[in-house]
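K.L.:
I'd like to ask you about the structure that follows.
The values are calculated or read from the model by the stated rules, or taken from the named source; none is laboratory data. Quick caveat: nothing in here was measured; it's all calculated off a predicted structure. So basically every Cβ, Gly included, is an ideal-geometry build from the backbone, and we count neighbours across all protein chains shown. Just so you know, the surface numbers come from the protein's heavy atoms only, side chains and all, with ligands and any DNA or RNA stripped out. Shrake-Rupley method; radii C 1.70, N 1.55, O 1.52, S 1.80 Å.
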Amino acid sequence: MLFETEAYNDNYCLYQRSGTMIEISNEELDDLTRSCHELMASQQTLLMATASANGMPDISYAPFVRDRAGVFYIYVSELAIHTANLLNNPQASILFIRREAESPNLFVRERAVFSCRVEEITQDDDMYAIRLDALQEKFGEVVGILRLLTDFHLFALGPESGRYVAGFGRAFTINLNDDSLSLVRSAKGNQTK
């Protein structure tokens, strides 16, 4: 087992990994949490993986806003494959990833990934205008123009799980209630061949 035990005190979290204790100070965990928040705040678009009703995968991107509850909102056209996918298979995985030029090792680029349930917000919903106003405030008049088009849909992407990777052996579960981090526990570690 990769992580067998876990112990806390006021300053450290200790994890046992294949017989070796891994120590992460609360200060370091707080720094990593800030880094995760900064990564997401530095992006104006999210990368999004969706699948058709018969399971055909697609990857795309969309500008977004995020509310205080952690839900992401996107406004996308029916001309995009991901819109049909979201309507017919309401789930998505979204990714925020550090730019290659800013990453010292391309095998472990810093990233945050969320598995999301998806819900369309229709025009008769009170939240529709509020979320479009937030998108327009963030992205400008282009959203005002898109609002006039009839093929655009507003979606809420509500995270059901999240993971943050800060480097080799540094994967963390994102607590969806407060965006705090905890070290990922796995039944199987990295093994050599």
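K.L.:
Could you sort the peptides 118-128, 170-180 by per-residue average Cβ neighbour count (10 Å cutoff), highest mean leading?
P.N.:
In descending order of packing, they fall as 170-180, 118-128.
K.L.:
Please report the accessible area of VAL143 (heavy atoms, 1.4 Å probe, ligands and nucleic acids excluded) in Å², nearest 10.
P.N.:
10 Å²
K.L.:
Let me ask something additional. Count the net charge of all other residues whose Cβ sits under 12 Å from the Cβ of VAL165, scoring Lys and Arg as +1 and Asp and Glu as -1.
P.N.:
Here the count lands on +4.
K.L.:
For the stretch 59-192, what does the accessible surface come to per residue with a 1.4 Å probe? Please give it in Å². Before the final figure, lay out the partial values.
P.N.:
Numbers: 7780 Å² over 134 residues.
Solvent-accessible surface per residue comes out at 58 Å².
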